[in-house]
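The values are calculated or read from the model by the stated rules, or taken from the named source; none is laboratory data. No experiment lies behind these values; they were computed from the predicted model shown. In this analysis, Cβ positions are derived from the backbone assuming ideal geometry, glycine residues included, and neighbour counts consider all displayed protein chains.
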Amino acid sequence: MTSPMRPPSRQGTPALAPGRADLAAPRLRDASASDAEQVARIWNRMIQQTLATFTSTLKTPALVRDLMAARHADGHGFIVAADPTSPAAILGFATYGQFRGGVGYARTLEHSVVLDEGAQGKGLGRALMQRLEDHARAGGGHSMMAGVSAENPSGLRFHAAVGYAEVARLRDVGFKRGRYLDLVLMQKML
Ligand SMILES: CC(C)(COP(=O)(O)OP(=O)(O)OC[C@H]1O[C@@H](n2cnc3c(N)ncnc32)[C@H](O)[C@@H]1OP(=O)(O)O)[C@@H](O)C(=O)NCCC(=O)NCCS
């Protein structure tokens, strides 16, 4: 049985790094059910077009809505970045849950972070991760894991840039498009 974390207090939106403000302060906020369709679209592009995630099963908006509700009920974060010029448009999201089930793992989290193609490389991933880690820390989280496909060099470099260190490389644990794939586990102490 999982143990809900403390619901963290709301935090301010972290500023983008100086010189990386191409997306002029995107609004980072808790996800709501009305975001589910856009989140599913962003997620599904990665699922269909890349080996960054091992699953081939597409996310329906209903499934994303259920995940948002479950994360919030557990005191875990599900944060979206909204386009400042069109706040209903979602540029990307980040969310975390427990790394593994059971109360003994309640302070060890694992996240997913995905941006729309046009929103990448402008500092938004870093801003989302800061916000997500603040949320996890405020809820009593001790460390955050990232499970990154070895076929996703951008994801590996991004996580290293925002403070994650490789702690394990699991051989052939993924299978997609007829190939076995390695998973790199990276960890950041919160
Ligand atoms: C991975 C992802 C979340 C990164 O977000 P982003 O907004 O593009 O990254 P940022 O612009 O915030 O970059 C943050 C840091 O990571 C580094 N970085 C990001 N992508 C990089 C790349 N491809 N190569 C080298 N460094 C990279 C940046 O140099 C930056 O470091 P700096 O601030 O010291 O210059 C985003 O590109 C994405 O959604 N990719 C597709 C989905 C995916 O792979 N998700 C991760 C699954 S594990």
I'd like to check something: does segment 42-57 contain any residue that is surrounded by 19 or more Cβ atoms within 10 Å (Cβ to Cβ) and at pLDDT below 95?
no
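For (1) part of a loop (DSSP other than H, G, I, E, B); (2) within 12 Å of the chain's Cα centre (by Cα); (3) free of Cβ contacts under 8 Å to residues at least 40 places away in the same chain, each residue gets a yes or a no:
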{"residue": "A94", "(1), (2), (3)": "no, yes, yes"}
{"residue": "G101", "(1), (2), (3)": "yes, no, no"}
{"residue": "E110", "(1), (2), (3)": "no, yes, yes"}
{"residue": "V114", "(1), (2), (3)": "no, yes, no"}
{"residue": "G118", "(1), (2), (3)": "no, no, yes"}
{"residue": "A127", "(1), (2), (3)": "no, yes, no"}
{"residue": "Q130", "(1), (2), (3)": "no, yes, no"}
{"residue": "G140", "(1), (2), (3)": "yes, no, no"}
{"residue": "M144", "(1), (2), (3)": "no, yes, no"}
Is at least one residue of segment 9-17 surrounded by 18 or more Cβ atoms within 10 Å (Cβ to Cβ) and at pLDDT 60 or above?
no
Give just the number: which of (1) small (G, A, S); (2) within 11 Å of the ligand (Cβ to nearest atom); (3) modelled with pLDDT of 95 or more does G104 not satisfy?
(2)
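Take M144 and tell me if it is within 16 Å of the ligand (Cβ to nearest atom), in contact with a Lys or Arg (Cβ under 6 Å, 6 or more places away or on another chain) and of a type outside the set (D, E, K, R). Give the derivation first.
Numbers: within 16 Å of the ligand (Cβ to nearest atom): yes; in contact with a Lys or Arg (Cβ under 6 Å, 6 or more places away or on another chain): yes; of a type outside the set (D, E, K, R): yes.
Spelling it out, M144 is indeed within 16 Å of the ligand (Cβ to nearest atom), in contact with a Lys or Arg (Cβ under 6 Å, 6 or more places away or on another chain) and of a type outside the set (D, E, K, R).
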Suppose we filter A150, A89, A94 for residues that are within 13 Å of the ligand (Cβ to nearest atom), of a type outside the set (S, T, Y) and closer than 19 Å to N44 by Cα; which single one remains?
A94
Is there any pair linking a residue in segment 73-88 that is at pLDDT 95 or above to one that is among the acidic types (D, E), with Cβ under 7 Å and at least six apart or on different chains, and which?
F78/D30; I79/D30; V80/D35
(1) closer than 19 Å to D30 by Cα; (2) within 10 Å of the ligand (Cβ to nearest atom) all hold for H135 apart from (2)
